[in-house]
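Peer 1: Quick one: the structure is below, questions incoming.
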Amino acid sequence: MTTLAAAAAGLRLLSPDRRFGHVVAVRGALIEVEGLAGAAQIGSCVSLDTQAGRVEAEVTGLDHGIAHCMPFSEPQGIASGTRADLAASQFGLRPSAGWLGRMVDGLGRPVDGKGALPQGADMRLIKASPPPASARARVGERLGTGVRALDLFAPLCRGQRLGLFAGSGVGKSVLLSMLARWTDCDVAVIGLIGERGREVQEFVQDDLGAEGLARSVVVVATSDEPALMRRQAAWTTLTIAEYFRDQGLNVLCLMDSVTRFAMAQREIGLASGEPPATKGYTPTVFAELPRMLERAGPGLPGQGSITGLFTVLVDGDDHNEPVADAVRGILDGHVVITRQIAERGRYPAIDVLKSVSRTLPHCLSEEENAVRLAARRELSTFRDMEEMVRLGAYRAGSSAEVDRAVAIAPQIEALLKQGKQERGFAQDSFTALAALLETTDEDTL
């Protein structure tokens, strides 16, 4: 009787029917499926059986009984009339601690050739809601990043979300690898969204290294993959980070880049018939950005936290372009990486005067804040007079303040210069910076 009762209970949990439709049109990346009216929902999974194999797709829009679907892979072999099976549930993951040291795609499937992934007990939806704002914990203590420019001028705290804003080719990925290796955390979850395929192995083997990979999960969706897979990879990155956060761990979530996520969402929106708005970006782009970025941050009391570092590829070095402007308003600070500093050969090319951490000044001691502000004043004064000094239009002795800035600014720049294998420590950095300021004061006197 016990066996029969268990079987009956299991049968009651099964769906009483299996819904399927058929393809009626393919318009670019958009597949139109008929026959799923009343059953298909936004985000539902659809499987298409073709001669080239099974193609997984997601319902992204509904229009008068037609389900608009976008595939996770190239839609090869799809023809008019191809059967489309509707899955019983939406996409989800079962992450576990066994995922550490592994590389997965946007659907949580292994891509490193190391075999199947161990599955956890609980299913987690890929697109989830952040913790309630009224219940989540506050940002925690300061973290050491190993990068002197950040530790001194834009410190990072546990549970904070910081944006790295840069154009192409100015050292953004190298800075990210430094942060992945050296930032104090229990687990790192790294999302490589829409990046170059050749850089994946370089990042994992050369920059991250075996020691860094051992405590990390890397989610990969390269630039040649469909827009849906690139968007899904960003959500998967946050889902895995949330799993480890809920285990009470402090997670470092790195995403390179948010701009590629926004571009993927723009492709999906345009294919679904959304009107283009600001610079061609559809309205859903600016709705999805806060929903994704707010998932990082402190968890509920008793949980861990997700410290988020998100890169933003600014279009044409314009730091006021729509995605950069939207992300800057959501995150808890922004770090600006400029081409002018990179061209001078100072890496990481962080412009400390344009970078802001919204946890200041509370995350530093009174003495550290005094040193930071004094150094910023010297750098600001030098920047204002730099062109005149280079042209010889400024005469030494005209202003004691300018003379001091001219003497100390190059020394501060030298302190901020750092190789990708050279780790810095916050306390040592503040000690060295304070010594520079005191020495220059004595020389001036």
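The values are calculated or read from the model by the stated rules, or taken from the named source; none is laboratory data. Bear in mind that the values here come from a model prediction, so they are computed numbers and not experimental data. Heads up, the Cβs are rebuilt from the backbone with ideal geometry, glycines too, and the neighbour counts pull from every protein chain shown. Accessible surface is based on the protein model in full, side chains and every heavy atom, while ligands, DNA and RNA are left aside. Shrake-Rupley method; radii C 1.70, N 1.55, O 1.52, S 1.80 Å.
Peer 1: From the set of residues in segment 158-187 that are closer than 12 Å to Ile337 by Cβ and in a strand (DSSP E or B), which is modelled with the lowest pLDDT?
Peer 2: Ala166
Yes or no, residue by residue, for (1) part of a strand (DSSP E or B); (2) touching a residue at least 12 places away in the same chain (Cβ under 8 Å):
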{"position": "Gln201", "(1), (2)": "no, no"}
{"position": "Leu228", "(1), (2)": "no, yes"}
{"position": "Leu238", "(1), (2)": "no, yes"}
{"position": "Met255", "(1), (2)": "yes, yes"}
{"position": "Ile268", "(1), (2)": "no, yes"}
{"position": "Gly273", "(1), (2)": "no, yes"}
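Peer 1: I need a count of the residues in segment 64-90 that are over 18 Å from Ala264 (Cα atoms), in contact (Cβ under 8 Å) with a residue 40 or more places away in the chain and surrounded by fewer than 22 Cβ atoms within 10 Å (Cβ to Cβ).
Peer 2: Going through segment 64-90 one residue at a time, the tally reaches 13.
Peer 1: If you don't mind, there's one more thing I want to ask. How many of the residues making up segment 51-68 are polar (S, T, N, Q) and at pLDDT 85 or above?
Peer 2: The number of residues fulfilling the criteria is 1.
Peer 1: Also, quick follow-up: Tell me, yes or no, whether segment 25-33 has at least one residue that is under 30 Å from Val187 (Cα atoms), in contact (Cβ under 8 Å) with a residue 40 or more places away in the chain and either of a type outside the set (A, V, I, L, M) or open to solvent by less than 30 Å² (accessible area, probe 1.4 Å) (or both).
Peer 2: Scanning segment 25-33 turns up no residue that is under 30 Å from Val187 (Cα atoms), in contact (Cβ under 8 Å) with a residue 40 or more places away in the chain and either of a type outside the set (A, V, I, L, M) or open to solvent by less than 30 Å² (accessible area, probe 1.4 Å) (or both).
Peer 1: Right, something else. Every residue in segment 275-307 that is at pLDDT 90 or above, in contact with a helix residue (DSSP H, G or I) (Cβ under 7 Å, 6 or more places away or on another chain), outside any loop (DSSP other than H, G, I, E, B) and not charged (D, E, K, R), please.
Peer 2: Result: Thr284, Val285, Phe286, Leu289, Pro290, Met292, Leu293, Ser305, Ile306.
Peer 1: When only residues in segment 306-320 that are of a type outside the set (A, V, I, L, M) and open to solvent by less than 10 Å² (accessible area, probe 1.4 Å) count, which is farthest from the chain's Cα centre (by Cα)?
Peer 2: Thr307
Peer 1: While we're here: One residue is enough: does segment 94-115 have a residue meeting the conditions over 18 Å from Thr239 (Cα atoms) and of a type in the set (S, T, N, Q)?
Peer 2: Looking through segment 94-115, none of the residues is over 18 Å from Thr239 (Cα atoms) and of a type in the set (S, T, N, Q).
Peer 1: Continuing with this model, one more query. Just checking, how many residues over segment 97-128 are part of a loop (DSSP other than H, G, I, E, B) and in contact (Cβ under 8 Å) with a residue 40 or more places away in the chain?
Peer 2: Selection size over segment 97-128: 11.
Peer 1: Among the residues of segment 107-166, count how many are crowded, with 20+ Cβ neighbours inside 10 Å and of a type in the set (Asp, Glu).
Peer 2: The number of residues fulfilling the criteria is 1.
Peer 1: Suppose we keep only residues that are open to solvent by 10 Å² or more (accessible area, probe 1.4 Å) and closer than 23 Å to Pro155 by Cα within segment 289-299. Which one would you say is farthest from the chain's Cα centre (by Cα)?
Peer 2: The extreme case among them is Pro298.
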